[in-house]
There are 4 protein chains.
Amino acid sequence: MSDATTPVAALKDAIARFAAVRGWQPYHTPKNLAMALASEVGELCEVFRWLTPEESRAAPADATLRAAIADELADVANIVFLLSEQTGIDLSEAVQAKMVKNEIKYPRPVQPSGEGAGAGGDRLGV
Amino acid sequence: MSDATTPVAALKDAIARFAAVRGWQPYHTPKNLAMALASEVGELCEVFRWLTPEESRAAPADATLRAAIADELADVANIVFLLSEQTGIDLSEAVQAKMVKNEIKYPRPVQPSGEGAGAGGDRLGV
Amino acid sequence: MSDATTPVAALKDAIARFAAVRGWQPYHTPKNLAMALASEVGELCEVFRWLTPEESRAAPADATLRAAIADELADVANIVFLLSEQTGIDLSEAVQAKMVKNEIKYPRPVQPSGEGAGAGGDRLGV
Amino acid sequence: MSDATTPVAALKDAIARFAAVRGWQPYHTPKNLAMALASEVGELCEVFRWLTPEESRAAPADATLRAAIADELADVANIVFLLSEQTGIDLSEAVQAKMVKNEIKYPRPVQPSGEGAGAGGDRLGV
């Protein structure tokens, strides 16, 4: 199971089933899931908080740090999938719709290596 | 493009290309991306913060709230994809590895409708 | 030492000294402290994430929950104090300046019990 | 009104009154306030997310950045005060109790300039 071959829906279904058979879904209101997302993102920030940006680039090469990052990234992703499932908002469609908006808001620069629109505050296309 | 038919890699590639042609990648260290994730999750929390859990369940039925949720969910997802890309950690593999751990940590209950292991604090399999 | 009798500066000085004698200040850049704040707020959110709003009101009456809330609240407060110290921004002055802005943005209603300006999204004066 | 001369209670009372006369307190359950804290901390992270740690140290010298930091710091502080008020947990006592615990957990080093206990992951006394 890799990103190249795994539809988003497969991951969503897996975590939704995992929660359902354990009877957790009554707790998975969008409000509670958003709060859980804040918790898990906090744990991800904890991995990097004392590292320099350069040390953070090197972190995946360290076995312990790589495992911690993978663990927290999976936790964050799972809540995103649960939120998509619980709200009925298709994630791929939402991402694509946002990208269409951002292609307009942040036009591609003429020179691909130069910094185009979005320099300064944003740089995410968000 | 829907979750049923979209591989995770397609979404990762799209946001990675979007950032690359705009020259944003020097800013996309894992440390900075984790911080950006905290910002975007904060915006998602803002949508729900004064709603009751029940109101949050109904929110996707409201056009304005649905659009706001979809927008923030896409933003959060995009940073998760950028983090996966920048760290070289395959998201599907990380999610699957976490699920294997959690199947052991939170065994399925005998009665699927009953609440199994994980009652209390967790209820996410995280 | 209680809120009635403790100047903000006393708490700021205490945590700043605690960090200084341990040689932690090189790590306490505003960027890193903001990231640490996201981590600690995540832990606070973890206390409440599966509770209903009503259960969260009752939580301080439970000894274990009260201790957890006090612990996380202290952690969050300490980072706010460190940020005030490191940036040289006086917290009381900043809070007062914001309140002046908000008195204009959210005028007091005529009937004190009715909901005045700010109904809907904000309700914090932020 | 400066940190040297302002008791914590004065700031707590001010924001509590501000909210009360506007009828906002029904929304200020600890759960909702924790979620609001995640939102405001997200805004603070947004100020620093693309800055290097060194640039973040220099940020308060820039008038625009200083104003943004002060604004977000005030917002975060106000929610901490509201949480202290709503839960009945005295902030100064909580901070002091945590410091006592941390003096034991992170003993002062013999040489004050050397790095003492807490090197590595924590460095906050949290």
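Some values worked out for this structure:
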| read-out | value |
| --- | --- |
| For the protein assembly as shown, size of Cβ-based charge dipole, Lys and Arg +1, Asp and Glu -1, in debye | 0 |
| 10 Å Cβ neighbours from other chains, averaged over peptide C:13-20 | 4 |
| Chain B shape via C-alpha gyration tensor axes, a/c threshold 1.5 | oblate |
| Taking D:Glu103, D:Glu46 and counting other C-beta atoms within 10 Å, the order from fewest to most | D:Glu103, D:Glu46 |
| Exam field: B:Ala63 pseudo-label spacings to other copies (7 Å along Cα-Cβ), nanometres | 4.4, 5.6, 5.7 |
| Note, ³J(HN,Hα) from phi for the stretch D:33-43, Karplus 6.51, -1.76, 1.60, rounded to Hz, x at Gly and Pro | 5, 4, 5, 5, 4, 4, 5, 6, 5, x, 5 |
| Exercise: per-residue mean of other protein chain Cβ atoms within 10 Å, D:77-84 | 6 |
| Axis-proximal residue, chain C, for the rotation superposing C on A (Cβ, Å) | C:Gly42, 1 |
| In order through the stretch A:55-66: 3J(HN,Hα) via Karplus (6.51 cos²θ - 1.76 cosθ + 1.60), integer Hz, x for Gly, Pro | 4, 5, 5, 7, 4, x, 7, 8, 4, 5, 5, 4 |
| Only Lys, Arg (+1) and Asp, Glu (-1) charged, at Cβ; chain D dipole about Cα centre in debye | 360 |
| Choice from D:Leu65, D:Leu11, D:Leu37 with maximal GNM fluctuation in chain D (Cα, 10 Å cutoff) | D:Leu65 |
| Length-normalised contact order for chain C - Cα pairs under 8 Å, 6+ apart - percent | 28 |
| Leading residue at positive end of dipole, chain B (Cβ point charges), from B:Ala68, B:Leu51, B:Thr6 | B:Thr6 |
| Helical mean residue ellipticity (222 nm; -39500 (n - 2.57) per DSSP H run of 4+; nearest 500) of chain A | -20500 deg cm²/dmol |
| Top of B:Pro30, B:Pro107, B:Pro60 by mean-square fluctuation, Gaussian network on chain B, Cα under 10 Å | B:Pro107 |
| Inter-copy label distances at C:Val100 (7 Å, Cα→Cβ; nm, one decimal) | 4.0, 4.7, 6.1 |
| Phi-based couplings in Hz for the stretch D:11-21 (Karplus 6.51, -1.76, 1.60; Gly and Pro marked x) | 5, 4, 4, 4, 6, 5, 5, 3, 6, 5, 5 |
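Since every read-out is calculated from the coordinates, none of them should be taken as a lab result. For clarity, every value in this text was computed on a predicted model and none was experimentally measured. Glycine also receives a Cβ, built like all others from the backbone with ideal geometry; neighbour counts cover every protein chain displayed.
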